[in-house]
Every structure is written in structure tokens, then in C-alpha cells.
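Note sheet for the following structure.
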Amino acid sequence: MTSSRVFRIGVACVRAAAIAALLVVVARARPAWADNVDELIRQLENDDSDKVRLSAALNLTKLGDQRAILALAKAIGNDGDKSVRGAAAVGLGKLVGDKTKSSIKNLAVSALRRAAESDASDFVRGQADKALKAIGVTTGTGPTPPPGGGAIYVNIGPMSSKTGDAAADPKLKALMVKIAARTMAKVAGNMATTWPGGVPTKAMLDAKSTLGFYVDGTLNDLKVKESRSSTTVSCKINMLLASFPDKSIFGLLTGGASVQASGSATDIALAREDCVSAVVEDLIAKKIVPTITTKAGSP
């Protein structure tokens with residue numbers, strides 16, 4: 001992928017071994033202010049520095065803003081540093097309470113359960129267990145889903161394309177599936193996209209107190225417009241949301257993007273992939289995951 005291409009997208013749609021060490025870091029964390037919540041979330045999710053992400057997790061906990069819960073839940077499952085994961089667990093134990101929306105609470109509890117049961121770090125497992133107890137959730141090996149639902153499984157469909165390009169369509173469909181799965185893992189680590197042994201049946205989902213959802217999409221339009229100075233690649237994608245395994249549709253989403261590229265065949269081909277990737281990622285992150293979260297929390 002070249003760094004010179006310009007995107008325009010429009011979518012409808014702690015390093016700690018004990019608690020004492022964590023407390024020391026909390027005391028040294030930089031001051032937090034209410035208007036910094038969005039920036040702290042961005043740092044927790046995207047910054048390359050372990051120290052910055054740790055500081056963000058600690059300050060989000062100090063601020064006590066409910067908006068931080070989802071970011072902390074993601075950090076428990078996705079962050080590569082045990083100190084950050086431990087701090088995120090501590091944060092959830094302090095932030096999740098009676099005023100937390102049921103759907104958000106369910107996701108936080110699911111993330112804490114997985115960490116308490118399977119995190120590679122004894123420290124993180126211990127903090128997750130303490131957080132669950134602080135929230136009022138009974139810990140143990142068996143699943144005890146909170147009211148309003150338990151774990152979430154998302155089945156990603158094969159995707160389809162209507163461009164009519166027999167050579168490119170199979171590659172683009174595979175790309176859509178890959179980006180959808182990668183984005184789900186990045187922004188919704190609490191939602192599983194795979195199941196041991198293959199695709200689960202309704203009975204399997206029910207046995208694990210798991211809600212099933214289905215996501216699929218269609219590349220409806222992919223155009224290349226050339227001019228003297230540049231080439232513009234545009235694409236439009238529709239995605240659907242349904243229950244699983246019955247696939248009863250309850251949501252239809254549309255997104256589009258345009259990418260500027262040079263006139264070379266190689267760059268145009270890469271721009272086509274960039275365009276499709278950008279729309280799928282945007283729809284999954286900004287519309288599909290939030291919709292599933294809301295739906296899972298509905299009575």
C-alpha cells in the first residue's frame with residue numbers, strides 16, 4: 001500500500017507484579033481532566049508506548065467516566081502488556097456499577113471472565129477476579145451470564161461482489177472477510193468470530209449462553225476514474241446484520257469511499273483494495289459493533 005494515496009470516506013451508517021506496584025504507578029500518573037476522556041481512550045487503544053497506554057488506563061479509571069468501559073474491556077483482551085491489562089481490569093472493577101448500561105456491563109463482565117480464566121499472567125488473572133467480585137459477579141469455571149445476555153459470537157459470511165470482474169472479485173471477497181474479522185478482533189475483542197470445532201448450532205450457542213449474530217456484505221460498485229493529474233477509485237458496499245444461526249435480518253448498512261492514486265496499474269489495483277478495506281473497516285467499527293452491542297443488551 002502506498003502512503004501517498006488520499007482517502008475520503010463516508011459511511012451511513014500493570015509492568016507490575018503486585019497491587020502495591022500498581023498503586024505506585026497510579027500515584028505517579030499524570031493529572032487527568034474530564035475533557036481528556038476521548039484522547040485518553042485514543043491513547044489506550046492506539047499508542048505504541050506501553051507507558052502511555054498504562055497511563056491512559058490509570059487516568060481513565062481516575063476520571064470515572066462510563067465512556068471508558070468499552071476501551072478498558074478491549075484492552076484486557078487485546079493489549080500485549082500485562083501491566084496495561086491489569087490496570088484495565090482494576091478500572092472496570094471501579095467503573096462498572098448499577099448505573100452502567102446492561103449491554104456495556106455484559107461486555108465488560110465477559111472480558112473480565114476470559115481474563116480471569118485464561119490470561120497468561122497470574123497478575124492479570126488476579127486483578128480480573130477481584131474486579132468481578134467488586135462488580136458483584138460470582139467467579140468460577142462455569143459461565144454465569146449476567147441479565148440481558150452472556151457471550152457473543154459473530155459469524156462472518158463469505159461476502160459477495162457485483163463488479164463483474166471475474167479475476168478480481170474472488171480476491172476482493174476474501175479481502176472483505178479478512179478485514180471484517182481483523183476489525184472485529186481489534187475493536188470488539190469480547191466478540192468471538194470463531195468457534196471450537198467449526199460453526200456452532202443454536203443448541204451449541206444456547207449451551208454456552210451465547211448470543212449469535214451474522215454479518216455479511218456485498219461490494220456493489222467499484223469504479224476507476226482517470227484524469228490528467230490523478231486517478232480516483234471509488235467503491236460502495238452494503239452490509240447486513242442478522243441473528244444467527246437463523247439469519248433473520250435486522251440491519252442494513254451502506255458505506256462508500258474514494259481513493260486517489262497514480263495512473264499505474266499496480267497502484268490502481270492497490271487503491272481498489274484500499275477502498276474496499278477502508279469501507280469494511282469503517283462499517284464494522286462504527287456501525288456493526290455498536291449495533292450488536294445494543295442488540296445484545298436489549299431485553
For a protection proxy built on the mean count of beta-carbon atoms within 10 angstrom, sort 213-219, 157-163 highest first, please. 213-219, 157-163
Which entries of LYS162/LYS287; LYS130/LYS178; LYS74/LYS133 have Cα-Cα distances beyond 25 Å here? LYS130/LYS178
Gain in length, ASP50 to THR201, computed as 0.36 nm per residue apart minus the alpha-carbon separation, to one decimal in nm? 50.4 nm
How long are the semi-axes of the ellipsoid equivalent to segment 150-189, from square roots of 5 times the Cα gyration tensor eigenvalues, in whole Å, largest first? 26, 10, 6
Calculate one ³J(HN,Hα) per residue across segment 57-68 by plugging θ = phi - 60° into the Karplus curve 6.51 cos²θ - 1.76 cosθ + 1.60, and present them in order as whole Hz with x for glycine and proline. 4, 5, 5, 4, 5, 5, 5, x, 7, 4, 4, 7
Take SER160 and SER102, extend 7 Å from each Cα along the Cα→Cβ direction, and tell me the distance between the two endpoints in nm. 3.5 nm
Cα-Cα longer than 24 Å, checked against LYS171/LYS236; LYS101/LYS208; LYS186/LYS223, kept in input order, equals LYS186/LYS223
Hey, can you find the accessible area per residue of segment 253-299 for me, probe 1.4 Å, expressed in square angstrom? 37 Å²
Suppose the chain between LYS94 and LYS186 were pulled fully straight at 0.36 nm per residue; how much longer would it get relative to their current alpha carbon spacing? 30.7 nm
Please give the peptides 286-296, 124-134 ranked by average Cβ packing (other Cβ atoms within 10 Å per residue), highest first, as a rough proxy for protection. 124-134, 286-296
Once every Cα of segment 179-299 carries one equal point scatterer and solvent is ignored, give the base-10 log of I(q)/I(0) from the Debye formula at q = 0.12, 0.15, 0.16 Å⁻¹, two decimals. -0.53, -0.74, -0.80
Distance-filtered residues of segment 224-246 - backbone nitrogen under 17 Å, label point 7 angstrom along ALA167 Cα→Cβ: 224
If you put +1 on each Lys and Arg Cβ and -1 on each Asp and Glu Cβ, how big is the dipole of segment 35-143 around its Cα centre, in Debye rounded to 20? 420 debye
Please compute one quarter of the surface area of the Cα convex hull for segment 210-277 and express it in square nanometres. 5.3 nm²
Principal axis extents for segment 149-227, Cα atoms only, whole Å, descending order, please. 56, 23, 18
Approximate shape of segment 181-242 as ellipsoid semi-axes (Cα gyration tensor, √5λ), whole Å, largest first: 38, 13, 9
Give or take rounding to whole Å, what are the principal axis extents of the alpha carbon atoms in segment 81-234, in descending order? 63, 41, 31
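The values are calculated or read from the model by the stated rules, or taken from the named source; none is laboratory data. The structure displayed is predicted, hence computed values, not measured ones. Note: ideal-geometry Cβ built from the backbone for every residue, glycine included; neighbour counts use all protein chains shown. Only protein heavy atoms, including side chains, enter the accessible area calculation; ligands, DNA and RNA are left aside. Shrake-Rupley method; radii C 1.70, N 1.55, O 1.52, S 1.80 Å.
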